[in-house]
Structure formats: structure tokens, C-alpha cells
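Asks: First, the structure itself, so that you have it in front of you.
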Amino acid sequence: MSSITTTPGTGRATNPAPSSRKRRRSRVTAVIGRHPIGMLFVAPYVLFLVTIFAYPLVLAVWISFHDYFFTAPGISVPRPFVGLDNYKTALTDPAVLQSFRNVGVFLVINVPLTVVLALVLAVALNRAVHARTFLRVSFYVPYVTASVAVVAVWLFLFSGDGLVNNLLGPLAPNPSWLVNAKLAMPSIAIFVAWKQLGFFILLYLAALQNVPKELYEAASVDGANAWRSFWSVTVPGVKSATTLVVILAIITGANLFTEPYLLTNGGGPDGASTSPVLLIYQKGIQQQNPDVAAAIGVILVLGVMVISLVNKYVLERD
Amino acid sequence: MKRLSRTLPAATLVVGLGLLSACGGSSGGGTAASDASTVKGPIKIWLSNNTEELGWGKAMVASWNAAHPKEKITAQEIPAGKSSEEVIGAAITAGNAPCLIFNTAPAAVPQFQKQGGLVPLENFKGAVDYLKARSGATLDQYKSADGKHYQIPWKSNPVMIFYNKDIMKKAGVDPANPPLATYDEFLATSRKIVKSGAAPAAIYPAPTSEFFQSWFDFYPLYAAESGGKQLVEDGKATFDDPAGQSVAKFWSTLYAEKLAPNEKYNGDSFADSKAAMSIVGPWAVAVYKGKVNWGVAPVPTSTGKSADQISTFSDAKNVAIYSSCKAQGTAWAVTKFATSKEQDGKLLEATGQMPLRTDLPTAYPDYFAKNPDYKLFAAQAARTVEVPNVSSSIEIWQAFRDEWTKSVIFAKAPVDASMTAAAKKIDELAAQS
């Protein structure tokens, strides 16, 4: 009986005295796996990822360290390495700093609101209530509706002479919601929370199916009321879904563009709702400064990664 | 470690591929030889999606194609996008721009030129003489920093004040001759309109942050007040002067007294009678015909200059020849055909927009006799101011707009300090270009 054993998953031989041929084979196996045909199957998706995500990301990082602008094919222009100049330009621009602060405000309002509403509504919808399917579809419709169409409805509701102000009468804010520096970003945060809610409810509904019913029964036997049962069974039971919802909500918030572009007409009033992506669009596409725009993009990506990792660590620790 | 041994090669491959491609992106061959300027053949052109312009464009193309079967034009509307300029910029980068675009915004020309996307008209024999003969001194405003011309001045929409006679009457203002010549008169009339409830707003320009919005509030009035100055001249911002400051203070008064709202109206405030006045070009004559009982006046100045002394923003759209064009000889021939006296007359007839010709009122006497509403615009077309032809044009306008919205529209900063800050920023941007 041979004494060769293989570590599961790696294909690496652990024979105390392996031949060089086996060692070589094990190296090849380590790279292409034990079933090379699998590489063939994943190749289209890898190609997609490389073309659509990896290449633009790497190109953006490259652009951010060079003096770069878009040219017609065949036009040769010097694109010197400029080190951190583009990052310096971005980080000393008050508009860029304000846009990051604006996104901070957005995230502080939008993420908790999204998590709480999505979870509460998912729990409610998970129960056998009347017209459950109708309600599920109702929450999902804004998510699948084009932002442009939904923004038009919100403009009708929240403009100065809109329905909401007419209902509020003398209590209506002055200046109105979308031209009020203090209310513009919170209004966008609430709008996005409402629009995305259907998707996050679906995530929670799926997670709720995996919470064992026995836990609720045990909690009931122990005398837990509905709130205690929700807090001690449901919330921990959907923790991994919460991590996902938080991270997706953060990514959505960091990519904010349509709402400040349309709802507050280009990040108004006076830049109070400008988002980094809106600035990337202005600087990169409108003003033809893709190098500075790329630097803002890289900073944004790094920021989102750090916040997401911190959230993952905080939410998933036991 | 196990995971790393798999991830590392993949990541290295991806990063390596990306860097190779990124570095490769900066290389390229030389520019096309100027021989292309004599090449004949079929060409593609893009037209504005404005219905009337499209109608003119199709007729022009049909007329050309009938006479030039070997140099046929294929025309299409500019592809949809957030703006024409972004679509054109992307097409230049991708190398699939058409030969001619009959909707090239002068503000975007310096960028297209920097991208290597435009053909200098000096490449074509006699082109500059042709343009001088057609547009006269106006041509100087379209000369690029390198002394060459990359755009053919085509048509302007000199902006003026349209007013609703019915609202004026309701407010107790003489509808035939409302006092709008000086800032004081304009403000007094505006106060009457709003106070009487005749309309919720006296005037309603878009109070939003887009870089081009200043072309329809500050710039026409600054052109009038300053006697025809551009925003930037000789590499310096011009507007931090008494003329610019007085225009800014005039508008800030309108906003502060809520005579002009600071929230965007989602619709046409003038057509919907939400505003008594509007800053528009001659296109408005056809648009508001039968909908609004309108009158027209020049933009106001602090001293009430006479109409024949007033300059305004041109709101021009031009034609440019794009460097991806193979048959540039045909492109230039089509340009001359499309800007000929005959085709300019047809454009005027179809759209009401003013061809940028020196002899406009005298070249088409029948048209102006038949359409007297356009006479004032035609007279105004002789005194128009274009956006400055500098390479950071759009960044400059955005810098101006940011300070304008902060101080004039939302009163978050003193107007004079904001204008000074905008001028300083624009000086820096102009110096970089």
C-alpha cells in the first residue's frame, strides 16, 4: 500500500520523498486545479471580469498617476507620470471634499434606514398576512422602475409647490426640500432607501427562511414576547444578510449619481448634494480631466473597501 | 497561503494585462496627412435632433445627393446621450465621429481640438477667405489659441427678453412698451408682476448648477453691460469689474426678492404662465406662436442703452470637420454648400435661427418682410458675443457657475467676493491652458 496522501482541496502530495516529476505535476495542479476542464467553464466569466472590471479598474489607477486626456485614435501625446499630483488636486478641491462629506451624510441616513425598514418589512411580509404577494410586488416595483421616471414623481411630491408642501402648509420647510442645503442630501437618502427597499426586503425574506422555527418556539416557551423574539432570534439569525445589505447599501450610496443629477439638478443647492460620482462625470467627461476624475474614483473605491471591511468585521464578529 | 498561491498568479495576470493595455493606450501613430483635405467620396454627417433643423438637414442632403452621386451624404441625428458634446467627445476618442456635425457647440471646440478630433480649416484652400466673406469680423471670435480655425460659424440664436403681454396687462404694466431697459425699471416691473399676483415669477432662468446655465442669465446681460466683452479675454477673466458686479447684483436682487425662484421649474415656465418673462433666442417665435401673446425687448443694462448699442450672447451652433473623416475634400465642399446663401435662406425659413452672415437682413428681405417678428433678432445678430475659445472652457464655465449659484442664487456668500473668487479661479484655469 502506498503511503502517498493528498491534502484535500490542494492536490499537493505529502509524500515524505516525492519525485521531481510529481512535484512538478503538483505545481501545475495547484495552478489549474485537479479538474482543468473547470478552467474552461469559468473562462468566459473570467474574461468578462477582466474586460469589464479589472481592465478599467487598472486603467483608472494608471490614469490617476499620469497627465492624461482622451484623444482621437492615432494622436500621439505625451502622458507623463505625475506621481500623486492628481490625488493632490482632488483632495485639495473643496468641491471634492464636500462631495465626500455629502456621501457621508447620505450613508449615515440611508444605511441604517435601509437595514431597519427592510428587516422590519421583511419580517412583516414573511408572516401570513392578507395580500402578501401584492405587498411584496408593491415594494419591489420602485426598485425595477427606471430612476428617471421615479425621480419625476418625487419632483412632483417634493418641489416647492408640490403635494407634500401643500399638505404641510405652514410647516413646509423654507427653502423647500430639494433646494435646502440641509435637507437636499437627507431627501436623496430617503428617496434611495425607498427605491432600493424592495431588493433588500427580498434578501431578508430569503434569509428569514433559514431561521429555524424551533428557536422561535423555544423563545416562546421561555416567555419571550414578540419584540424579544425579534431581537434575540430574528436579528442574529439574519446577521449574514445584514452584512450583505449594509455592504450593498454602502456601495449603492458611494455610486450615487442619478439622484443628485436629476432630483437636485446637478448636486444643488450650491453643491450640497454633489456626490463623488457626479464630480467624476463632470471632471472626467464634461471637463475632459479624466486623470483627476480617476484619482477621485480610486479614492472612492478605497474608501468603500475600507468601510465595507470594517462593517463586515463589526457585523460578523461573535 | 493556499489561497494566495491561486490568487496571486491570477491577480498578477490581470494587473499585468491592464498595465500593458494602459501603457499601450498612450502610444499612437502620427496624425493623418493634410492630403486628406482633397479626398472626395461618400461622407457621413450628424444633425441636431431639433425637428425643424432636421427637416432642413434632410432637404439639404437630398439636394446635394441628387447632384453628387459619387459623393453621397449619409445623414443621421446625433446619437442620444446626456449632451451632444459628450457623445461627440466619445466618438472622437473611439474614432467613429462623422465627417461633419451641424451642431458643434463653440464651448466644446477647444476640447475637441485638444483631443485631435478636428481638422483646421486652414487645410482647405480658400476656406478662411470664404468664412471671412460670409461672417465678417464675427469670425475672430471663433479663432483658436493656435491662430487656426476649427469651426465654421453657422447660425446664432441671439438671446433677448420675451415677455407675456397678457401678464404685463394684468400687472398694470403697459404691454406694448413695458419698462425693461434699465435694471431699476426691470426690477420695478418685476415687483409689480409678482406683487399683483399676475404671475408667480417675473423671470425664471434655470437656477441649477450646470456649466452652461450662465449663458442664459449672467452672460447676455454682461455682454450688454460691458459693451461686448467675452468672459475671458487675453487669458484673463474680465467680469470682476463694475459691469460684471452690477449684473451679478441685479440678478441677486431678483433672487433675494423672490422675483426669480431658486428652485427649478419642471416644465416651460413661460409657456405655463408661471413667469412673465424669459430669456430666449429667435427659436422661441415659432415655439410660443399661438400659445403666448408675447413681445420682445433687448436685455437690460444699468443705464438703459439703446437697442442698437446692446450686445448679447450668441447661443451659436457651428459646423466642424472631424479628423476621422476620410473624404475631407467632400466634407469641405458640403460645408460650403450647406452654408451658401441659398441654404442659409432655407435654414432661416425652416427654423427662424439666424445664419451667421454679415448681410443677414439685406440678404433675405422677403423673409423679414413676411416675418417681422424676426427683424429684432436679425438686428441683434450683428452684435453677439461668443463664449471664449480657451481650452478649459467648460471647466471655466463650471467654476463661474459654482460661485454664481453660491452667491447670487442661494446668497451663501457675498456677491462681490464670489465674483472675485471666480475670476481668480478662472485666471488660474486660463493660465493652465
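Asks: Which one is nearest to residue B:339 (Cα to Cα) among residues in segment B:283-328 that are open to solvent by less than 10 Å² (accessible area, probe 1.4 Å) and of a type in the set (Phe, Trp, Tyr)?
Replies: Restricting to residues being open to solvent by less than 10 Å² (accessible area, probe 1.4 Å) and of a type in the set (Phe, Trp, Tyr), the top hit is B:322.
Asks: In segment A:69-99, how many are farther than 30 Å from residue A:185 by Cβ, within 12 Å of chain B (Cβ to nearest Cβ) and not hydrophobic (A, V, I, L, M, F, W, C)?
Replies: So the answer is 7.
Asks: Suppose we filter segment A:36-68 for residues that are among the β-branched types (Val, Ile, Thr) and at the interface with chain B (Cβ under 9 Å from one of its Cβ atoms); how many remain? Steps first, answer last, please.
Replies: Keep residues of segment A:36-68 that are among the β-branched types (Val, Ile, Thr), which gives A:37, A:42, A:46, A:50-52, A:58, A:61, A:63.
Next, from what is left, pick out any that are at the interface with chain B (Cβ under 9 Å from one of its Cβ atoms): A:46, A:50, A:58, A:61, A:63.
The qualifying residues number 5.
Asks: Here is a follow-up. Give the residue, chosen from B:321, B:310, that is β-branched (Val, Ile, Thr) and within 14 Å of another protein chain (Cβ to nearest Cβ).
Replies: Details: B:310 fails: within 14 Å of another protein chain (Cβ to nearest Cβ).
One residue alone meets the criteria, B:321.
Asks: If you go through segment A:294-303 one residue at a time, do you hit one that is in a helix (DSSP H, G or I), within 14 Å of chain B (Cβ to nearest Cβ) and either over 17 Å from the mean Cα position of the chain (by Cα) or modelled with pLDDT under 90 (or both)?
Replies: yes
Asks: Out of everything in segment A:140-149 that is more than 14 Å from chain B (Cβ to nearest Cβ) and open to solvent by less than 60 Å² (accessible area, probe 1.4 Å), what residue ends up being nearest to residue A:190 (Cα to Cα)? Break it down stepwise before answering.
Replies: Applying the first criterion (more than 14 Å from chain B (Cβ to nearest Cβ)) to segment A:140-149 yields A:140-146.
Checking the rest, the ones that are also open to solvent by less than 60 Å² (accessible area, probe 1.4 Å) come to A:142, A:145.
Details: A:142: 13, A:145: 17 Å.
The extreme case among them is A:142.
Asks: Does at least one position in segment B:412-420 carry a residue that is within 14 Å of chain A (Cβ to nearest Cβ) and either surrounded by 24 or more Cβ atoms within 10 Å (Cβ to Cβ) or not in a loop (DSSP other than H, G, I, E, B) (or both)?
Replies: Within segment B:412-420, one or more residues are within 14 Å of chain A (Cβ to nearest Cβ) and either surrounded by 24 or more Cβ atoms within 10 Å (Cβ to Cβ) or not in a loop (DSSP other than H, G, I, E, B) (or both).
Asks: Check B:132, B:125 and return the single one that is more than 14 Å from chain A (Cβ to nearest Cβ), surrounded by fewer than 18 Cβ atoms within 10 Å (Cβ to Cβ), basic (Lys, Arg) and assigned to a helix (DSSP H, G or I).
Replies: Result of the check over B:132, B:125: B:132.
Asks: Among the candidates B:339, B:312, B:335, B:301, which residue alone is over 27 Å from residue A:159 (Cβ atoms) and out of contact with any helix residue (DSSP H, G or I) (no Cβ under 7 Å at 6 or more places or on another chain)?
Replies: Unique residue meeting the criteria: B:335.
Asks: Still on this structure, please answer the following. All but one of (1) crowded, with 20+ Cβ neighbours inside 10 Å; (2) of a type in the set (S, T, N, Q); (3) on the phi > 0 side of the Ramachandran plot hold for residue B:262; which doesn't?
Replies: (3)
Asks: Another question, then. Suppose we keep only residues that are open to solvent by 20 Å² or more (accessible area, probe 1.4 Å) and not hydrophobic (A, V, I, L, M, F, W, C) within segment A:243-258. Which one would you say is farthest from the chain's Cα centre (by Cα)?
Replies: Once the filter is applied, the top-ranked residue is A:258.
Asks: Looking at segment B:375-394, which of its residues are outside any loop (DSSP other than H, G, I, E, B) and either over 30 Å from residue B:282 (Cα atoms) or open to solvent by 40 Å² or more (accessible area, probe 1.4 Å) (or both)?
Replies: The answer is B:375, B:376, B:379.
Asks: In addition: Quick one: which residue in B:209, B:214 is within 14 Å of another protein chain (Cβ to nearest Cβ) and in contact with a Ser or Thr (Cβ under 6 Å, 6 or more places away or on another chain)?
Replies: Numbers: B:214 fails: in contact with a Ser or Thr (Cβ under 6 Å, 6 or more places away or on another chain).
Exactly one residue qualifies, and that residue is B:209.
Asks: Of everything in segment B:256-306, what is outside any loop (DSSP other than H, G, I, E, B) and of a type in the set (Val, Ile, Thr)? Give them in sequence order.
Replies: B:279, B:280, B:285, B:287, B:296, B:301
Asks: Also, quick follow-up: Need at least 3 residues that are within 14 Å of chain A (Cβ to nearest Cβ) and more than 17 Å from the chain's Cα centre (by Cα) per element, so show me which helices (runs of 4 or more DSSP H) inside segment B:49-120 make the cut, counting only ones lying wholly within it. Write out each step before concluding.
Replies: Details: elements: B:51-67, B:84-94, B:109-114.
Ranges flagged: B:84-94.
Asks: Would you say residue B:336 is without any contact (Cβ under 8 Å) to a residue 40 or more places away in the chain, away from chain A (no Cβ under 14 Å) and charged (D, E, K, R)?
Replies: Considered against the rule, which asks whether it is without any contact (Cβ under 8 Å) to a residue 40 or more places away in the chain, away from chain A (no Cβ under 14 Å) and charged (D, E, K, R), residue B:336 comes out as no.
Asks: Give, as residue ranges, the helices (runs of 4 or more DSSP H) completely inside segment A:185-288 that count at least 2 residues that are within 14 Å of chain B (Cβ to nearest Cβ) and closer than 30 Å to residue A:99 by Cβ. Give the steps one after another, and end with the answer.
Replies: Numbers: elements: A:213-221, A:226-229, A:239-254, A:276-280.
By residue number, A:276-280.
Asks: Also, quick follow-up: Is there a residue in segment A:151-172 that is away from chain B (no Cβ under 14 Å), open to solvent by 30 Å² or more (accessible area, probe 1.4 Å) and of a type in the set (Asp, Glu)?
Replies: Among the residues of segment A:151-172, not one is away from chain B (no Cβ under 14 Å), open to solvent by 30 Å² or more (accessible area, probe 1.4 Å) and of a type in the set (Asp, Glu), which makes the answer no.
Asks: Against the definition (part of a loop (DSSP other than H, G, I, E, B), open to solvent by less than 10 Å² (accessible area, probe 1.4 Å) and within 26 Å of residue B:354 (Cβ to Cβ)), how does residue B:158 come out, yes or no?
Replies: Answer is yes for this residue.
Asks: Here is a follow-up. What is the residue count in segment B:265-274 for residues that are open to solvent by less than 60 Å² (accessible area, probe 1.4 Å) and under 22 Å from residue A:263 (Cα atoms)?
Replies: Count: 5.
Asks: Taking segment A:257-298 only, how many residues are over 30 Å from residue A:174 (Cα atoms) and touching a residue at least 24 places away in the same chain (Cβ under 8 Å)?
Replies: Total meeting the criteria: 11.
Asks: Under 7 Å by Cβ, and 6 or more places apart or on different chains, what pairs join a residue from segment B:282-309 that is over 13 Å from residue B:182 (Cβ atoms) and acidic (Asp, Glu) with one that is open to solvent by 60 Å² or more (accessible area, probe 1.4 Å) and assigned to a loop (DSSP other than H, G, I, E, B)?
Replies: Nothing qualifies.
Asks: Another question about this same structure. Looking at A:23, A:79, can you tell me which residue is at pLDDT below 95 and surrounded by fewer than 18 Cβ atoms within 10 Å (Cβ to Cβ)?
Replies: Result: A:23 is the single residue among A:23, A:79 that is at pLDDT below 95 and surrounded by fewer than 18 Cβ atoms within 10 Å (Cβ to Cβ).
Asks: Those residues that are open to solvent by less than 20 Å² (accessible area, probe 1.4 Å) and either more than 17 Å from residue B:158 (Cα to Cα) or more than 19 Å from the chain's Cα centre (by Cα) (or both), I need them from segment B:345-373; list them, please. Before you say what the answer is, go through the steps one by one.
Replies: To start, the set of residues in segment B:345-373 that are open to solvent by less than 20 Å² (accessible area, probe 1.4 Å) comprises B:345, B:347-348, B:351-356, B:360, B:363, B:367-368.
Matches in segment B:345-373: B:345, B:360, B:363, B:367, B:368.
Asks: A further question follows. Among B:191, B:134, which is touching a residue at least 60 places away in the same chain (Cβ under 8 Å) and out of contact with any helix residue (DSSP H, G or I) (no Cβ under 9 Å at 6 or more places or on another chain)?
Replies: Numbers: B:134 fails: out of contact with any helix residue (DSSP H, G or I) (no Cβ under 9 Å at 6 or more places or on another chain).
Of the residues listed, the single one that is touching a residue at least 60 places away in the same chain (Cβ under 8 Å) and out of contact with any helix residue (DSSP H, G or I) (no Cβ under 9 Å at 6 or more places or on another chain) is B:191.
Asks: Another question, if that's okay. With respect to residue B:251, is the statement that it is open to solvent by less than 10 Å² (accessible area, probe 1.4 Å), among the aromatic types (Phe, Trp, Tyr) and assigned to a helix (DSSP H, G or I) true? Write out each step before concluding.
Replies: Numbers: open to solvent by less than 10 Å² (accessible area, probe 1.4 Å): yes; among the aromatic types (Phe, Trp, Tyr): yes; assigned to a helix (DSSP H, G or I): yes.
Yes; evaluated as a whole, the condition is true for this residue.
Asks: With open to solvent by 50 Å² or more (accessible area, probe 1.4 Å) and in contact with a strand residue (DSSP E or B) (Cβ under 6 Å, 6 or more places away or on another chain) as the only criterion, which of B:229, B:165, B:170, B:195 stands out?
Replies: B:165
Asks: Taking interchain pairs and intrachain pairs at least six residues apart, which have beta carbon atoms under 6 angstrom, with the first residue in segment B:65-92 and touching a residue at least 40 places away in the same chain (Cβ under 8 Å) and the second open to solvent by less than 50 Å² (accessible area, probe 1.4 Å) and among the β-branched types (Val, Ile, Thr)?
Replies: Listed by first residue and then by second, the contacts come to B:71/B:330; B:73/B:43; B:73/B:45; B:73/B:61.
The values are calculated or read from the model by the stated rules, or taken from the named source; none is laboratory data. All values derive from a computational prediction rather than experimental measurement. Cβ coordinates were reconstructed from backbone atoms using ideal geometry, including for glycine residues, and neighbour counts include every protein chain displayed. Note: accessible area is taken over every heavy atom of the protein model, side chains too, but ligands, DNA and RNA are not part of it. Shrake-Rupley method; radii C 1.70, N 1.55, O 1.52, S 1.80 Å.
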